Amino acid sequence: MPMDAGAIEGMIRAALPDAVVEITDLAGDGDHYAARVVSEAFRGLPRVRQHQMVYAALGGRMGGELHALQLTTEVPA
């Protein structure tokens, strides 16, 4: 069963409370999303570690409930 964009956003915000999260359904099918996550928690971390933090927030749903996630992470300006 596909994941709802609101559920994805909620899980990321629960793990990164300061995050600004934008979720876009890329295909309109609830399976292919893009996420832009901006958080101070990413400051000083390599991009790979930033992405790992977001994937951890999703609790292992990548590849199952959530088929594809195009991820962009940033620190606040």
query = Regarding residue 54, is this residue among the β-branched types (Val, Ile, Thr) and under 11 Å from the mean Cα position of the chain (by Cα)?
reply = yes
ask   = Of (1) without any contact (Cβ under 8 Å) to a residue 40 or more places away in the chain; (2) over 16 Å from residue 4 (Cα atoms), residue 56 satisfies all except one. Which?
value = (1)
key: Only listed residue being modelled with pLDDT of 95 or more and out of contact with any Phe, Trp or Tyr (no Cβ under 7 Å at 6 or more places or on another chain), chosen from 77, 15, 27, 7   = 15
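The values are calculated or read from the model by the stated rules, or taken from the named source; none is laboratory data. In this text the structure is predicted, and so the values were computed from the model without any measurement. We place every Cβ from the backbone using ideal geometry, glycine too, and count neighbours over all the protein chains shown.
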